[in-house]
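The values are calculated or read from the model by the stated rules, or taken from the named source; none is laboratory data. Only a predicted model underlies this, so the values are computations on that prediction, with no experimental measurement involved. Glycine also receives a Cβ, built like all others from the backbone with ideal geometry; neighbour counts cover every protein chain displayed. Accessible surface is based on the protein model in full, side chains and every heavy atom, while ligands, DNA and RNA are left aside. Shrake-Rupley method; radii C 1.70, N 1.55, O 1.52, S 1.80 Å.
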Amino acid sequence: MKLYFKVFRAPYNYTNLAVYKTFFIILFIVLVISTLSAFTIYFTGLSKDENIHFRRIELNVHKAPQVEVASSIILKKRNVNCTHWDCFNIYKCGHTGHDRITVYVYPIKKYVSRDGIPAAPLFSKEYFDLIKAILNSKYYTVNPNEACIFVSTIDTLNQDKININVTSAALHSLPFWNGGANHIIFNMLLGSSSDLSTVIDLDVGNAIIAGAGFDTYSFRKNFDISIPLFSPVAKLAEQDDTSQQRSWFIASSQLGIDPYYLDELQKLSYQHDNLFLILDACHNHNYTSRCEINSGKLYPYPEILRESTFCLIFRGERMGQFALLEAMAANCIPVIVMNDVVMPFNSVIDWKRAAFFVMEDYLNTLVNVLKKTSDKRIIKMRENIKFLYDSYFSSMEKIALTTLDIMQDRIYSHWSKMYDDWNLPFTQRMKNPLFLPHTAPKSHGFTAVILTYDRVESLFTLIRRISKVPSLMKILVIWNNQGKHPPPLSEFPKISKPVKIIRTRANKLSNRFFPYKEIETEAILHIDDDIVMLTADELEFGYEVWREFPDRIVGFPSRTHIWDNVTRSWKYESEWTNEISMVLTGAAFLHKYWSYMYSKKLTPEIKDWVDENMNCEDIAMNFLVANATNQPPIKVTPRKKFKCPECTNNEMLSADMGHMIERSQCVDRFAKIFGRMPLQSVEFRADPVLFKDPFPEKLKRFNDIGSL
């Protein structure tokens, strides 16, 4: 019997589909119209003055509208008790989705009193450059509602040119003033010529003052920001050479210094012939010229500062002095003769690296103090001065951006720059060129690379020992003897880790650092075939330490370098000191990146010398790593003896009496080739937790740690 099935399909209702489409189209149109209406109502509700805040301001003073403010207000003193935690509203920051401050700059307006008295001039060139730098910075925002910091376009740099009452009233009239909270007031010349105030006299409420005249009494630490007094003529003194010999030891070129200081300087100059150059204004006064106070000889200024080693900076009517930047531009080491001065950007700059400080009452000790400065330190201080000047002081733009960078670090302290970032050139900073995580994964383990020539028994002993290290992944034996075949793998110790033998084409010490394709781990244990005294616990602990410092040399035998004043050269030192600057690669962990750098990027002059003399490849590697990272190596465990009990003295390379002399020659030679001494000395050693404490062994992770 056959069964037949017939499928019936309901007729499709095209009418319902058309109704649905029409409904959704009408709904979409209604939503669009409603949204547009809401925006129209919102923006219509904004006044013309409010709407302008959402546009980038124009730096055109001729189009600035005039605004009338009160002729006078009741001036209040600034809040001297302000700190970052009570006068600054931190909650206004962080509304933009990124960890960066946002700075709003008010539109330019001409503020005048009801009597027609202007608040301040529009604009000095310096303030124009400052505002322009902020507008072009990464911190600028056009939206005041998302701003973290506010900056006024009222030029307050020079108090002599502003009306205190009208300017204070103009500040209070700013729409987001709020008692000055989160506002920065920039000022360089404070007080009038007859007033020795160290802070601007404006009624600034809770505003931050970025000023150039603070002393320790008026400066609100971690709230105000000390900035330099910018000198437009400093560029005339700019000097690139930091090592040249200079004609004058000490120069005083500042105008209007106290007669007492001038008398003291003249007394010192009589006692120390040809050390001092004391300059003052000429009869036909011109700021770009100075005359010697006794002979009247004319010198171009500030160019003459290039001929001076030390430049004196005295207290004047104001703490801030043009002479500071003019001296720095000439790489002349500033000698600050001011009590209680707050140096520019003092919260981030270590001024002891670039300047000397002499108490005002001890000016008579000036020569004795400066004479003790070595030529080497003078050159180093000049280099520091040049870096600071070029980075933070050479223009109003850099002064403005440095001020904002300090605020950025203060508000987002978890992202703040470190000491080295502020005070050292990029080439000298501690840095990790590997871009690795802070801690390398333990599961990857390490590869042991053993350089050997003919010590088979010692080699086999070493393989048996390191095979017990849990994190070992592979052993690579670099056979450096071209005249003899290595033992077959069948004769090698039977261990659970793979062993690979690589025969080299030439007997070179540099073969140990070749980036062999067989190395599949990030970490490499470079170890000599005679280092058989290290325990499995010591090696495992060394690997654990390397995981935390993957860019460094981490190992066991340590050495240091010293400067020999007799031979005027660097010397290799292997005494048992606590200060180290090298970890020898006879037993050390390194990232495989350094093998590539040594083989491919290290100057051939060093590699060829190492291979020809069969020495110093470990010193060369220490120079290479230290030069790239500016960091010292890490020594692990207290062990200092590294002797091969199975080897006789005549088999050991280091038994040669000339070995230490040759090693010293290496250190001195490499320093000259690198153009500097990159090795960093440190008193530091990594030991396992509890390893010396009287706890049961089961509570300790590493028990078998050797003694000295």
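A compact table of results
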quantity	calculated
Number of the condition not met by Thr535 [criteria: (1) at pLDDT below 90; (2) open to solvent by less than 10 Å² (accessible area, probe 1.4 Å)]	(2)
Search result, residues across region 233-266 that are touching a helix residue (DSSP H, G or I) at 6+ places or on another chain (Cβ under 6 Å) and β-branched (Val, Ile, Thr)	Thr242
Residue within region 483-494 that is of a type in the set (Ser, Thr, Tyr) and either closer than 28 Å to Glu544 by Cβ or within 44 Å of the chain's Cα centre (by Cα) (or both) present	no
Test for Ala251: is it within 21 Å of Leu75 (Cα to Cα), at pLDDT 95 or above and open to solvent by less than 50 Å² (accessible area, probe 1.4 Å)	no
Looking only at region 538-557, and only at residues there that are of a type outside the set (Phe, Trp, Tyr) and open to solvent by 20 Å² or more (accessible area, probe 1.4 Å), the one that is nearest to Asp687 (Cα to Cα)	Glu544
Lone qualifier among Asn163, Asn178, Asn182 - being open to solvent by less than 30 Å² (accessible area, probe 1.4 Å) and either farther than 30 Å from Glu292 by Cβ or touching a Phe, Trp or Tyr at 6+ places or on another chain (Cβ under 7 Å) (or both)	Asn182
Within region 406-522, strands (runs of 3 or more DSSP E) holding 2 or more residues that are open to solvent by 40 Å² or more (accessible area, probe 1.4 Å), basic (Lys, Arg) and within 27 Å of Asp611 (Cβ to Cβ)	499-503
Failed item in (1) in a loop (DSSP other than H, G, I, E, B); (2) free of Cβ contacts under 8 Å to residues at least 24 places away in the same chain, with Gln254 passing the rest	(2)
Criterion violated by Leu525 - all others in (1) under 35 Å from the mean Cα position of the chain (by Cα); (2) in a loop (DSSP other than H, G, I, E, B); (3) among the hydrophobic types (A, V, I, L, M, F, W, C); (4) crowded, with 21+ Cβ neighbours inside 10 Å satisfied	(2)
Residue match in region 262-273 (condition: crowded, with 16+ Cβ neighbours inside 10 Å and in a loop (DSSP other than H, G, I, E, B))	no
Count of residues meeting criterion [among the basic types (Lys, Arg) and within 18 Å of Ile73 (Cβ to Cβ)] in region 106-122	2
Which listed residue, of Asn158, Asn187, Asn182, Asn206, is closer than 23 Å to Lys132 by Cβ and touching a Cys at 6+ places or on another chain (Cβ under 9 Å)	Asn182
Qualifying residue in region 678-695 (condition: open to solvent by 90 Å² or more (accessible area, probe 1.4 Å), assigned to a strand (DSSP E or B) and modelled with pLDDT under 90)	yes
Hits in region 77-117 (condition: basic (Lys, Arg), more than 21 Å from Asp201 (Cα to Cα) and crowded, with 19+ Cβ neighbours inside 10 Å)	Lys92, Lys109
Any pair with Cβ under 6 angstrom, 6 or more apart, that starts in region 597-622 at a residue that is hydroxyl-bearing (Ser, Thr, Tyr) and ends at one that is open to solvent by 40 Å² or more (accessible area, probe 1.4 Å)	Ser599/Phe514; Ser599/Pro515
Residue count, region 251-298 (criterion: touching a strand residue (DSSP E or B) at 6+ places or on another chain (Cβ under 9 Å) and closer than 23 Å to Leu236 by Cα)	23
Residue match in region 381-393 (condition: surrounded by fewer than 18 Cβ atoms within 10 Å (Cβ to Cβ) and more than 23 Å from the chain's Cα centre (by Cα))	no
Of residues in region 624-640 being part of a loop (DSSP other than H, G, I, E, B) and over 22 Å from Val667 (Cα atoms), the one modelled with the highest pLDDT	Thr637
The listed residue being charged (D, E, K, R), buried (at least 16 other Cβ atoms within 10 Å of the Cβ) and touching a residue at least 40 places away in the same chain (Cβ under 8 Å), out of Arg290, Arg306	Arg306
Per-region count, region 361-380, residues open to solvent by 30 Å² or more (accessible area, probe 1.4 Å) and without any contact (Cβ under 8 Å) to a residue 60 or more places away in the chain	12
Test result for Asn384, touching a Lys or Arg at 6+ places or on another chain (Cβ under 6 Å), more than 30 Å from Trp85 (Cα to Cα) and polar (S, T, N, Q)	yes
Unique residue being open to solvent by 10 Å² or more (accessible area, probe 1.4 Å), closer than 30 Å to Leu298 by Cα and of a type outside the set (Val, Ile, Thr) when the list is Pro228, Pro232	Pro232
Conditions (1) surrounded by fewer than 16 Cβ atoms within 10 Å (Cβ to Cβ); (2) modelled with pLDDT of 95 or more; number of the one not met by His285	(2)
Within region 337-360, tally of residues that are aliphatic (A, V, I, L, M) and farther than 20 Å from Asp390 by Cβ	6
